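Asks: Once you've had a glance at the structure underneath, I'll fire off some questions.
What follows draws every value from the coordinates through simple rules; no lab data is involved. On a predicted model such as this, the values are computed, not experimentally measured, just so you know. Positions of Cβ are generated from backbone atoms using ideal geometry, with glycine treated the same way; all protein chains shown enter the neighbour counts.
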Amino acid sequence: MRKNYFTDEQVQQLNMNPYVKKASNKSITYTDDFKITFTKKYLEGNPPSVILREMGFNPRILGKKRIDRFVGNIYKYKARGDDFSDQRGINSGRPSLKEELTDKERIARLEHKIKYLKQENEFLKKIEFIEKKAELETQQKLHRKKSSKSSEK
């Protein structure tokens with residue numbers, strides 16, 4: 001799959017746009033103002049290419065894929081109900097080990113761990129039982145074959 005990298009001239013042109021925080025050969029980081037304005041105009045029914053031209057971008061430089069991805073992200077922003085700030089590098093909600101847990105949280109976590117380990121033990125017991133049963137059946141078949149061969153002689 002071909003990547004759509006920007007030339008150095010295009011990067012320079014993009015960085016001059018007031019709606020761009022940062023542009024590199026591989027990516028663009030837009031300002032929050034751009035995201036809000038673009039989203040408002042897009043949800044009013046304006047096509048993306050028209051909005052981009054109005055805001056000083058050349059849609060051909062950005063490329064269809066990048067524009068489509070940005071439009072798709074609008075719905076993610078909207079569903080999140082949050083602002084349009086960059087969420088990269090922000091904790092996903094899973095508590096880190098550095099945080100102090102309350103007693104209730106520690107108890108709940110330990111109870112969950114106990115339950116998980118019990119299930120794991122049951123699973124391993126079942127596997128061991130199935131393996132022993134298969135081994136026993138194999139030995140019985142071999143024994144039957146040996147006894148049937150010896151009775152034929």
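Asks: Using the Cα centre as the reference, give the magnitude of the dipole from point charges on the C-beta atoms of the stretch 8-80 (Lys, Arg: +1; Asp, Glu: -1; all else neutral), rounded to the nearest 20 debye.
Replies: Charge dipole of the stretch 8-80: 360 debye, to the nearest 20.
Asks: Let me ask something else about it. From the residues I74, M16, I51, which one has its Cα farthest along the dipole of the stretch 8-80 in the positive direction, the dipole being from +1 and -1 charges on Cβ of Lys/Arg and Asp/Glu about the Cα centre?
Replies: The residue sitting farthest along the positive end of the dipole is I74.
Asks: Considering only the other residues whose Cβ falls under 12 Å of the Cβ of L142, what net charge follows from Lys and Arg at +1 and Asp and Glu at -1?
Replies: Charge balance near L142 sits at +3.
Asks: Could you sort 47-56, 121-130, 21-30 so that the peptide with the highest average Cβ count within 10 Å comes first and the rest follow in order?
Replies: Answer by packing, highest mean first, reads 47-56, 21-30, 121-130.
Asks: State which entries of K104/K126; K125/K146; K22/K64; K26/K64; K125/K145; K26/K65 exceed 23 angstrom in Cα-Cα distance in the structure shown.
Replies: Over 23 Å apart, Cα to Cα: K104/K126; K125/K146; K125/K145.
Asks: Using θ = phi - 60° and the Karplus curve 6.51 cos²θ - 1.76 cosθ + 1.60, what whole-Hz ³J(HN,Hα) does each residue of the stretch 36-41 get, with Gly and Pro shown as x?
Replies: 5, 5, 4, 4, 4, 5
Asks: Quick one: which residues, 5 or more positions from Y30 or on another chain, have an amide H under 5 Å from its amide H? H modelled 1.01 Å from N in the peptide plane, none for Pro or chain starts.
Replies: K21
Asks: Okay, next question. How large is the charge dipole for the stretch 1-42, taken about the Cα centre, if only the Cβ atoms of Lys, Arg (+1) and Asp, Glu (-1) carry charge, to the nearest 20 debye?
Replies: 240
Asks: Another question, if that's okay. Please arrange Y75, Y19 by counting, for each residue, the other beta carbons lying within 10 Å of its beta carbon, fewest first.
Replies: Placing the least packed residue first, the sequence is Y75, Y19.
Asks: Here's another thing I want to ask about it. What per residue convex hull volume, in Å³, comes out for the stretch 8-80 when only alpha-carbon positions are used?
Replies: Expressed per residue, the convex hull around the Cα atoms of the stretch 8-80 is 85 Å³.
Asks: Restricting to Cα pairs below 8 Å that are 6+ residues apart, what does the relative contact order work out to for the stretch 8-80? Please round to a whole percent.
Replies: For the stretch 8-80, the relative contact order is 20 percent.
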